[in-house]
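Structure, as structure tokens:
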Amino acid sequence: MSDTFTRPLVMSPHFDDAVFSCGAMLAAHPGAVVYTVFSGRPAADVTTEWDLHCGFDNAAHAMHVRSLEDDRALDVLAAVPDRGDFLDAQYVPFVPAAHAPTQEAITQALDQALRRHGARTLVIPFGLFHSDHELVHRACADLWRANPALACFAYEDALYRGLAGHLQTRMTDLVSRGIIATPMSAHWRANAMHQAAKRNAVRAYASQLKAFGPDGYDDVFCTERCWKLELA
């Protein structure tokens, strides 16, 4: 990676998103910080359909186990975990409206993480399909605009990047906001050792993989792609 990619802070909407989308890149940059935004734990009596598919009978247990899975995955990649306390969208209907995450609150939390780790490069999701991903993307864009010295790269959200029209729509949206996106595949290549590390890390998310099914997460092993973002 070029000198423009130093001290990266990688934004992950949920446990697994950063590893699924750019795990090989993380393996190539030991010491990178992964900040998981939606890692808050709701009350134990909250139960969702997705958590049931993952094998959990309540959300508190689900988030506890997912945090341990994430610890193991990031340890494989020599990445450093940091976490927000915002609630995943699936839990928001069960809490008072005042507890729902906002773009402004997320931006403030990300700014604190940026300063805490002294990051010089921001790696963000394109924010495709999922409302949580969209919210993180918008908050990250606000953070980047407020810190113009940061280099900023956007990764294609694994599992969602293949949905028809979503990446194209995001590119159009970026243009409307005065942001240029340039593919950076030449600076994002991973060797066989990095790819193998990613595969080992992905396996750590056993509960999520169970819910996706044996063929439901093939996209995470396809070529990782990122784009350098610049203001027009």
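Checking the a/c ratio against 1.5 first, then a/b against b/c, what shape does the Cα gyration tensor give for the range 112-232?
Taking the square roots of the gyration eigenvalues as a ≥ b ≥ c, the range 112-232 is prolate.
Shape of the range 1-108 from its Cα gyration tensor (a ≥ b ≥ c, root eigenvalues): rounded if a/c is under 1.5, otherwise prolate when a/b > b/c, or oblate?
It is oblate, given that a/c is not under 1.5 and a/b is not larger than b/c.
If we sort 49-61, 154-166, 125-137 on the protection proxy, mean other Cβ atoms within 10 Å, highest first, what's the order?
125-137, 154-166, 49-61
So, with a 1.4 angstrom probe, what is the percent of accessible area on the chain that is carbon and sulfur?
It is 55 percent, rounded to a whole number.
Of A60, F86, M11, which is farthest along the charge dipole of the chain in the positive direction, counting Lys and Arg as +1 and Asp and Glu as -1 at C-beta?
M11
For the chain, what is the accessible area per residue in Å², given a 1.4 Å probe and the full set of protein chains?
45 Å²
Could you tell me which of A151, S131, W227 has its Cα farthest along the dipole of the range 96-232 towards the positive end, charges placed at Cβ (Lys, Arg +1; Asp, Glu -1), taken about the Cα centre?
With unit charges placed on the Cβ atoms, the residue in question is A151.
Between beta-carbons, use under 13 Å as the cut-off and find the net charge around V46, counting Lys and Arg +1, Asp and Glu -1.
-4
How big is the charge dipole of the chain about its Cα centre, in debye rounded to the nearest 20, if each Lys and Arg gets +1 on its Cβ and each Asp and Glu gets -1 on its Cβ?
760 debye
Quick check: convex hull of the Cα atoms in the chain, volume per residue, rounded to a whole Å³?
Enclosed volume per residue, from the Cα hull, is 117 Å³.
List every residue whose amide H lies under 5 Å from the amide H of V33, counting only residues 5 or more places away in sequence or on a different chain, with H placed 1.01 Å from N in the peptide plane.
Amide H neighbours of V33: V10, V80.
Below 8 Å, C-alpha to C-alpha, sequence gap of six or more: please give me the relative contact order for the range 73-154 in percent.
RCO, the range 73-154: 28 percent.
State, as an integer percentage, the relative contact order of the range 18-160 based on alpha-carbon contacts under 8 Å between residues 6 or more apart.
The normalised contact order for the range 18-160 reaches 25 percent.
The values are calculated or read from the model by the stated rules, or taken from the named source; none is laboratory data. Model, not experiment: these values are computed from the prediction. All Cβ positions, even for glycine, are placed from backbone atoms using ideal geometry, and neighbour counts span all protein chains on display. All accessible areas refer to the heavy atoms of the entire protein, side chains included, with ligands and DNA or RNA removed. Shrake-Rupley method; radii C 1.70, N 1.55, O 1.52, S 1.80 Å.
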